[in-house]
Amino acid sequence: MKIMEKDNRLEKKTNIILMSKATKKRISKVEEEIKGKILFREKMEFAQKTLQDVKLPM
Amino acid sequence: MQKKVLTNINLYETSLSIENSIIRYTFESTGKSKLIKAVEYSRLKTKSGDTIYNLGFGDYNSEDKTISDKENSNNGDMRKVFNTVLSTVPEFFKVFPYFPIFIQGSDSHALFEQECRNSCLKKCQKICKNKNRRIRTYGHFLNKNFKEFSKNYIFFGFNEEEKKFVSYEVKNKYSAILIYKKK
C-alpha cells in the first residue's frame, strides 16, 4: 500500500469559485465600509508584544 | 507505473484592495449561509526595526461594520475558506517579496484561556481545547504540505518558552509561524 502511495503522482487542480455580480457589489460596499479602519488592532498589539524583544531569524 | 492522483483545491475568488501599508483580500463564503470574510496583511515594525506583515483573518460584522476575528462562524466550508486564506500568501509575496509574514492566532494570547473558561460550554479539564486552535490549524495544513511549500518558502516556528524563532519542523508545536519567500 505504501509503495503504491509512493508511486502515485499527486496532481492538484485549483478550482476558483467565482463571485457573482451581486457578490461583487456586496463586497465592494463592505470594502468601502471598512476602508481606513484598523481591523485587527488587538491582534496587532499582540504581535507587537510577542515580537518586542525577538530577533528575526533572517 | 505511476498513477495520477487528482486532488481538487476549491477556493473562493477574492477581491484585492491596497490601502497605505495594508493589503486586504475580501471574499464571500457560501457555506450554510453567505458570509463576507477578509484576510489582511498589516505592516508592523519590530523594536529592532525589522518590518513584518501580520496576517489577520475574520468575518464581516454588519452591525458594527467591521471585521472580527473573535468568532468561529462554522459555516460548513472550512476547507474552502482555509484554501482561500492560504491562496493569498503567494499573492502577498508578489507585492512584497522581501518581507516576512507573521501568523499568530488571536486565541494564543496569555489571557485567552481564562476568558474562554468564563464563557465556554466545553468544560475542558486541564487543557483548554480552544487555546492555540487557530495556529494549530495553520500548522496542521503546513505539516501536510511542508515539502511542497518549502520549495518556495522558508518557515520558522516561534518557540514560546525560549521566546525565539527556530527552523520549522513538522510535528513540533509553535505558537506563531514566520514565512519568508525564498529569493
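Going by the conditions given, is B:D77 buried (at least 18 other Cβ atoms within 10 Å of the Cβ), charged (D, E, K, R), under 27 Å from B:T30 (Cα atoms) and free of Cβ contacts under 8 Å to residues at least 40 places away in the same chain?
Details: buried (at least 18 other Cβ atoms within 10 Å of the Cβ): yes; charged (D, E, K, R): yes; under 27 Å from B:T30 (Cα atoms): yes; free of Cβ contacts under 8 Å to residues at least 40 places away in the same chain: no.
Here the answer is no, as B:D77 does not meet what is asked.
Which one of B:K4, B:K34, B:K94, B:K47 is closer than 22 Å to B:N152 by Cα and not β-branched (V, I, T)?
On the way: B:K4 fails: closer than 22 Å to B:N152 by Cα; B:K34 fails: closer than 22 Å to B:N152 by Cα; B:K47 fails: closer than 22 Å to B:N152 by Cα.
So the residue among B:K4, B:K34, B:K94, B:K47 that is closer than 22 Å to B:N152 by Cα and not β-branched (V, I, T) is B:K94.
Inspect region B:52-63 for any residue being among the acidic types (D, E) and within 10 Å of chain A (Cβ to nearest Cβ) and give the result as yes or no.
Here is the first cut: in region B:52-63, the residues among the acidic types (D, E) are B:59, B:63.
If we keep only those that are within 10 Å of chain A (Cβ to nearest Cβ) as well, we get none.
Scanning region B:52-63 turns up no residue that is among the acidic types (D, E) and within 10 Å of chain A (Cβ to nearest Cβ).
Please go through (1) at pLDDT below 95; (2) part of a strand (DSSP E or B) for B:L86 and return the number of the only condition it doesn't satisfy.
Every listed condition holds for B:L86 apart from (2).
Hey, can you tell me all the residues within region B:1-51 that are buried (at least 18 other Cβ atoms within 10 Å of the Cβ), among the β-branched types (V, I, T) and within 7 Å of another protein chain (Cβ to nearest Cβ)?
B:T26, B:I36, B:T46
The values are calculated or read from the model by the stated rules, or taken from the named source; none is laboratory data. Treat the numbers as computed from the prediction; the structure is a model and nothing was measured. A quick note on method: Cβ atoms are made from the backbone with ideal geometry, for glycine too, and the neighbour counts reach across all protein chains shown.
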